[in-house]
1. What does the range 395-440 give for Rg and for Dmax, in Å, if only its C-alpha atoms count?
2. With θ taken as phi - 60° and the coefficients 6.51, -1.76 and 1.60, list the Karplus ³J(HN,Hα) couplings across the range 388-397 in order, rounded to whole Hz; mark glycine and proline as x.
3. If amide H atoms are built 1.01 Å from N in the plane of the peptide, which residues on other chains or at least 5 residues away come under 5 Å of the amide H of GLU443?
4. Along Cα→Cβ, 7 Å out, is where each label goes; now give me the distance between the ones at ASP186 and ALA380 in nm to one decimal.
5. Starting at 0 and stepping by 5 Å, how many percent of the alpha carbon pairs of the range 367-432 end up in each bin?
6. Quick one: work out Rg over Rh on the C-alpha atoms of the range 419-470, Rh as Kirkwood radius.
7. Rounded, prolate or oblate: pick one for the range 447-515, where a ≥ b ≥ c are the square roots of the eigenvalues of its C-alpha gyration tensor, a/c under 1.5 means rounded, and failing that, prolate if a/b is larger than b/c, else oblate.
8. Cα atoms only: what Rg and Dmax, in Å, come out for the range 389-488?
Amino acid sequence: MAELAVRSLLLLLLLISPFVVSAGILKLNSSSPLFGIEFPPFNTAVADTGCDGKLVASQEVEDDQKQPASLSPTLKLHMSHRAAAEAVAGRTRKESFLDSAKKDAVRIETMHRRAARAGGDRALAAGSSPRRALSERLVATVESGVAVGSGEYLVDVYVGTPPQRFRMIMDTGSDLNWLQCAPCLDCFEQRGPVFDPAASSSYQNVPCGDPRCDLVVPPEPPRTCRRPRDDRCPYYYWYGDQSNTTGDLALESFTVNLTAPGSSRRVDGVVFGCGHWNRGLFHGAAGLLGLGRGPLSFVSQLRAVYGHVFSYCLVDHGSDVASKIVFGEDAALLAHPQLNYTAFAPSASTSADTFYYIKLKAVLVGGELLNITSDTWDVANDGSGGTIIDSGTTLSYFAEPAYQVIRQAFIDRMSKSYPLIPDFPVLNPCYNVSGVEKPEVPEFSLLFADGAVWDFPADNYFIRLDPDGIMCLAVLGTPRSAMSIIGNFQQQNFHVMYDLQNNRLGFAPRRCAEAQLSR
């Protein structure tokens, strides 16, 4: 793992300074166009979700358009990448990508340890069955945020009464929603003030006798619950050796701005962590919005209101244009002519129930199946291995034996007109494509156990580094025991859907930056 961390750090140094990522790489034998997707309208239905919270329409909005009777309007949230958010703060691209690589390395090691822990942490415990969904949807905007400190994506959320605005990292690889809170006893630097519970009339601490307190891991040493109805429920949630949050589990109102001018939604009683001690690589963000499979994630808590489906469309890294995350079914996505599905795979332990596993069977380069043994993709009995899709990891990582075969396949199939750059740091292979406007590269596809195939555009697996005219394969290897990860760089410009009702992942190509034009 130490070697992986060093490689990742070198990678981020490489990606940033003084290079500029440039589109303009062509796949060989590829002619499929990218289809746009129109997002549906929404309404302001009010629904009681019991202990999951009550949805309140904070501003009534007229529906000018109607969806088909079989689908309800969706709730849409705005999502952004960190690049645009941090550019005004003077943070260099070099600093941002350094942090991103470092966080990738730590995150991979952490996820491997978490998945391999038999029994699992209570924060990741299974057994919370989703309730029947009501017919309501939510959509918000997602923005790229590379320059804030890593290659993650941000969602604007307003918390408390009156609402205070915060930018939270969208993370499908974790469960707990949390914010840095006053008094901030040991916190990382964020843009804007931390959340102040004393300034909100809707803030409530979860008492240590509440059943929801059993869903989080207590700090060490654990605090005795002397007054179950009055004493606060403390929590500890870790992401890596340097990344963790500790504080009080609480209930609060979350309000989000929607895609129609002046409209918003408020969800009362959302369980979140009010963090007073927070450390890690979260530069600029106020906290995390957990979208994992566990019972405390934002997705799970809203499931009774918005259903068992959510989806997002990630703009290019560094883009200053926003796209969307959708809670609930999207009629246009479901009708997309290139929408494909693959089934989610079960994890080997309850400790890995946070992650979205998919059953990878093979890799194709240039349309040819590579000679990778099938057990390379298997999940071991101890929970290690397997393949997940994750919005919080930047690049894609494959188990080392598979990565070596993939790397060699590109070397063998690449045009000899592009000189191979020997001993280039971290990334391999890399080519000199100086003066070539649109280099041609072999196609890259993933084949899943149920027969689904995910074809990627060249810009999702090759990085063009200008002005030096260098182009490198943008995937790396992990040890055989570690899981493989489809990161957010490879998910760019796809509308990715998590359908938990039918236990499947959907994906359709589209230009995500154009999503902001849909209303």
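The values are calculated or read from the model by the stated rules, or taken from the named source; none is laboratory data. The model shown is predicted, which means the values in this text are computed figures rather than measured ones. Because the Cβ atoms are built from the backbone with ideal geometry, glycine has one as well, and the counts that use them run over all protein chains shown. Ligands, DNA and RNA are excluded from the accessible area calculation, which covers all protein heavy atoms including side chains. Shrake-Rupley method; radii C 1.70, N 1.55, O 1.52, S 1.80 Å.
1. Cα radius of gyration and Dmax of the range 395-440 are 11.7, 34 Å respectively.
2. Those phi angles translate into 10, 10, 9, 7, x, 9, 6, 8, 9, 10 Hz.
3. LEU28, GLY366, GLY367
4. Roughly 3.2 nm, to one decimal.
5. 3, 13, 19, 20, 19, 13, 8, 3, 1, 0
6. In the range 419-470, Rg relative to Rh is 1.07.
7. oblate
8. When restricted to the Cα atoms of the range 389-488, Rg and Dmax are 13.9, 42 Å.
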